[in-house]
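A quick write-up on the structure given underneath.
Coordinate-derived values only; no laboratory data. These figures come from a predicted structure and were not determined experimentally. For neighbour counting, all protein chains shown are included, and Cβ atoms are generated from backbone atoms with ideal geometry for every residue, glycine included.
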C-alpha cells in the first residue's frame, strides 16, 4: 500500500473502526498499524531481509546486543561478532547435561536470559537460565518446577517489567495419548520480582485470541517474543514466516491481535529486536530471527509503529436515561 493514495482509505478504516466496540489502536496518519483490535490479520506489514549469516546453533532462537548476536540451540549458544557474523565463542552443555531445551533469549545489561523447558517430556517444567555474555559462563538458574506449561520466551518492556509465554500444544508427543497441554492454554504472563529472582511471582496472565491460535499456532504454540523499540510486543509461532503484534487489553483476559508482519526468510521460533541503536534507516527497526532449515541467523528491517501501545483503552460506554440499550438487542 502506498501513501500517495492512502489517506482516504485510512480515514475510512478509522471511521469504520469507531463503530466497533473497541476503538482504533492508532491515529490514521502514520507509517504502520491501523487496527480495530479484533482479528488484526488483515493489517499486513512487510519486512526486508538485510542479510543471512550461517550459524550452526540457529535451531531454536537468537539474542542480540550492541556488539554481538547469539545463535541458540537446545543446549548450546554461540556468540558472533555482529558486524562480520564471525563465530567467536560457544557455550556447550551437551545432550546429557541439565540444560535440555533452550528457546530464544534476551541480553540485558551483560546477562543473557534464556527460557528453558524439558519439552517434549512430561510433566512440563521450566526455568530461566542466565549466562555472562563476556565469558559465556552459565551463572544462574531459576526453576518454576511444574507450572503453566513450557516457557518459550522472556523479555523486558520499556519500563523494565518482565514478560514471557508458557506454551502448550495440541500436538500429541511420542509415547503419549493426549495433546501436550492444548495450544489454547498458552499464556502470556507478567512477572513480578521477589527476593530470590525477578521472575519469582506471576502478577497477571492472558491467553491469545482463538483466531491467532487456530490459524497460526496449532498444533504447536507461541515460540518467540520481543518488545520492539516502538514499545509493541511482537510474537512468533513455531513454523509460520510471520510475527504478530499483540496488545494487552484494558479488560478481560484475551490479548488483542493488532497486525501481522510478513517475515518470509524465517519460520517462526525465537526472535530478538536489536534495541541498541533505536530507530534507523528512515524509521525502520532491525529484527533478528532464524531459519532452522538453512541454519542461518536472519537480520531483517521492519517498519516501526509511530503510535504508542496502551492498556488504557476505553471499556464500554456510559449512557443516560433515554439512551439505555437492551442487552438482548445488542
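If you rank 304, 212 by fewest surrounding Cβ atoms within 10 Å, what's the result? Mind dumping the intermediate values first?
Working: 304 20, 212 25.
Lowest to highest Cβ neighbour count: 304, 212.
For the ranges 141-148, 94-101, what's the packing order if you count other beta-carbon atoms within 10 Å of each residue, average per peptide, and put the highest first?
Details: 141-148: 14.9, 94-101: 12.9.
Result, highest mean Cβ count within 10 Å first: 141-148, 94-101.
What ranking do 230, 265, 239 get, fewest neighbouring Cβ atoms within 10 angstrom at the top?
Working: 230 23, 265 17, 239 14.
Going from least to most buried by this count: 239, 265, 230.
Ranked from highest to lowest mean number of other Cβ atoms within 10 Å per residue, what is the order of the peptides 58-69, 247-258?
Details: 58-69: 22.5, 247-258: 17.7.
Put in order of decreasing packing, that is 58-69, 247-258.
What's the exposure ranking of 80, 138, going from fewest to most Cβ atoms within 10 Å?
Details: 80 24, 138 18.
Lowest count first: 138, 80.
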